[in-house]
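Some notes on the structure that comes next.
Values in this text are rule-based calculations from the coordinates and carry no lab data. Keep in mind that what you see is a predicted model, and the values were worked out from it rather than measured. Cβ placement follows ideal geometry from the backbone for every residue including glycine, while neighbour counts extend to all protein chains displayed.
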Amino acid sequence: MKKKLQNLNRRDFLKKSTQTTAALLSLSGCTGLNSYFKADRTEFDKEVFIIGAGAAGLMAAHTLKKNRIPFRLFEASSRPGGRLYSVQADDSTALELGAEFFEAHQKIVFELLKEFQIDWTEQLVDLTVRPLWQSSAQEILSEIEYQKLSQAFINRFLSDRIKIFGSSENYQVLSPALAKELDNLSFHDYLQTHWINPDDRVLRYWDVQNRTQFSSDSKSISTLQVLWHQPKDQKLKSLFRVQGGWSQLVRRMYERVAGVIPNHLVKMNWSLQSLNATRDGFRCLFKNPEGIQTLYAKNIILATPMNQLKKISGVMSLEISQSKKDRIQSARLGESSKAFALIHNQPVQNLQVPALWYQDQTQYQFLKGENRSWLGGLRGGELTQWSLPDMENWKASFIDRFNLDQTMVAKSLDYHVMNWKDQIHIQGARSQWEPGSWLSGSMLFDSSDYGGRLQWAGEYAYSNEKGTVSSALESGKKAAEGLIGLLDKVV
């Protein structure tokens, strides 16, 4: 070692010293160097425990780190990001197997992308021009027919939305009586009640829209959930995609909060098995690759999917409201499956294929990259799983329908599939609000418990907007800020 040091000139020595010092300082983050070099502890009086490294958990950790509040982040699976999952198809195209778009009013997403220097692309959607729908029996609902058959109903639908929620993007109920009436009504019943002589093609079109947007059929969701997510007018709407995919943002956030020591601040494959309140905090029993470990913390953010909370032993015995317990017990995620099949593995020109359309219970999407083109399919509700025969038949029918040049079509079946029900620590895609549950549950998890020491985060926990990446991020930020305020008071 001495020999190596002697070969360094003064400038190189100072450079090396500066780099070492910077690295040590970066290790400290907000926890202090001592915590990195002493044996693993079981009691964490100062660190906030965050359970779940999806969008909400990562945002909570990111917010705490920026405010120099120590934390530990635990994720049950082997990857961060939860329901954000992208596959890089080529240099210019990311295939989103989970959440895909975000909207102009979701400012927290734009702020994060700017912070991490990630670009986005914009896609204008004309809401007066609905995607074409057809059945496998060649029944077709054209855009012109849809407008003719639907205008009276759409006017009533938008009128009810304005009566209940007004024109604000903040969640508020202006007409409680009407809101309660429509909350208790499934959207299927709402369609049947307010649509005079409904055309069966239109009803099936609305059903596939609900299945793909809410991961549930029209009979299983509250009308209020559909109303809240309905645009306030029928004008042009901007949708945005993360350039490089959501997984790029997940990776940047993970690297920022994890620091440079592996498996220290962020622990993967650590599944919370039980959670019990103690006199001074919470007893957390984790299952990890090495076995079972019990840790103690004073402050916790639960950022797991709502349907996973009831699987954690002890949660139903916590001193939280009975309404929260009832919602946790009944919570389920709607099922959703997404698939992409390679159509061309070379550049193609003048291909007359719509960007988005519906057939039977599937939403189709055509993505054209620089060198490849892909057929995407999204299914929602029960019995949505994709199989290999599905993929083969699906690709063949697409090629036949649009009469594609066989010499240009990729011969191999190159595909990517995500059946979200099969993801053991998620088991679904989006929180489902069955009839009668929206009003009672929409603001339940806005409030914390145990004097602010137990916070809730996830796409279900932010009252202004539910079921989106933005709502998950907002809830994670809000939960972290709640603890920051509490810890500031303690100090």
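If a/c stays under 1.5 just call it rounded; otherwise compare a/b with b/c (prolate if a/b is bigger, oblate if not). Do that for the range 83-232, with a ≥ b ≥ c from the square roots of the Cα gyration tensor eigenvalues. Before the final figure, lay out the partial values.
Working: a/c = 2.09, a/b = 1.31, b/c = 1.59.
Judged from the Cα gyration tensor, the range 83-232 comes out oblate (a/c at least 1.5, b/c at or above a/b).
Quick one: Ser336, Ser271, Ser216, fewest Cβ neighbours within 10 Å first, how do they rank? All intermediate terms of the calculation are to be shown ahead of the outcome.
Numbers: Ser336 25, Ser271 19, Ser216 29.
Least to most surrounded, the residues fall as Ser271, Ser336, Ser216.
Pulled fully out, how much extra length does the chain show between Arg401 and Lys310, if you take 0.36 nm times their separation in residues and subtract their Cα-Cα distance? Please list the in-between numbers first.
On the way: separation 91, 0.36 × 91 = 32.76 nm, distance 4.61 nm.
Computed gain between Arg401 and Lys310 is 28.2 nm.
When N counts the residues of the range 336-427, how does its alpha-carbon radius of gyration compare numerically with 2.2 N^0.38 Å, as a ratio? Intermediate values should be presented prior to the final figure.
On the way: Rg = 13.6 Å, N = 92, 2.2 N^0.38 = 12.3 Å.
That ratio works out to 1.11.
Please arrange Arg83, Arg372, Arg156 by counting, for each residue, the other beta carbons lying within 10 Å of its beta carbon, fewest first.
Details: Arg83 23, Arg372 20, Arg156 13.
Ascending Cβ contact count within 10 Å gives the list Arg156, Arg372, Arg83.
With +1 on the Cβ of every Lys and Arg and -1 on the Cβ of every Asp and Glu, and nothing else charged, how large is the dipole of the range 95-180 about its Cα centre, in debye rounded to the nearest 20?
Working: 8 positive and 13 negative charges, 128 e Å.
Rounded to the nearest 20 debye, it is 620 debye.
Taking neighbour Cβ counts within 10 Å as the exposure measure, how do Thr193, Thr407 sort from fewest upward?
Details: Thr193 9, Thr407 5.
Fewest to most other Cβ atoms nearby, the residues stand as Thr407, Thr193.
Set Lys and Arg Cβ to +1 and Asp and Glu Cβ to -1, take the dipole of the chain about its Cα centre, and tell me which of Ser337, Leu487, Leu375 lies farthest positive.
Projecting each Cα onto the dipole axis, the largest value belongs to Leu487.
Under a Cβ-only charge scheme (Lys and Arg +1, Asp and Glu -1), can you give me the dipole magnitude of the chain about the Cα centre, in debye to the nearest 20? Could you put the intermediate results ahead of the total?
Details: 60 positive and 52 negative charges, 497 e Å.
Roughly 2380 debye for the chain.
List the DSSP H helices in the chain whose Cα atoms stretch 15 Å or more along the helix axis and whose mean Kyte-Doolittle hydropathy is at least -0.5.
Values: long enough: 10-28 (27 Å, -0.35); 55-66 (16 Å, 0.38); 143-165 (29 Å, -0.21); 200-214 (21 Å, -1.26); 246-258 (18 Å, -0.58); 388-401 (20 Å, -0.78); 469-490 (32 Å, 0.35).
Span-like helices in the chain: 10-28, 55-66, 143-165, 469-490.
With a bin width of 10 angstrom, please list the P(r) values of the range 391-431 as percents of all Cα-Cα pairs, from the 0 bin to the one holding the largest distance.
22, 35, 22, 18, 2
P(r) for the chain, please, calculated from all Cα pair distances in 20 Å bins and given in %.
Once binned at 20 Å, the Cα pair distances of the chain give 21, 51, 24, 4, 0.
From zero outward in steps of 10 Å, how is the percent of C-alpha pairs of the range 51-155 spread across the bins?
Once binned at 10 Å, the Cα pair distances of the range 51-155 give 10, 27, 27, 19, 13, 4, 0.
Any idea what % of Cα-Cα pairs in the range 424-491 are farther than 17 Å? It would help to have the intermediate numbers written out before the result.
Working: 1076 of 2278 pairs.
So the portion of pairs separated by more than 17 Å is 47 percent.
At R0 = 60 Å, how high is the FRET efficiency between Arg283 and Asp126 if r is their beta carbon distance? Nearest 0.05 is fine. Walk me through the numbers on the way to the answer.
On the way: r = 55 Å, r/R0 = 0.92.
For R0 = 60 Å, the calculated efficiency reads 0.65.
Based on DSSP H runs of at least 4 residues, each adding -39500 (n - 2.57), what is the mean residue ellipticity at 222 nm of the chain after dividing by all its residues, to the nearest 500 deg cm²/dmol?
-11000 deg cm²/dmol
Using only the Cα atoms of the range 302-382, what are the Rg and Dmax in Å?
Every Cα atom of the range 302-382 included, Rg and Dmax give 20.9, 63 Å.
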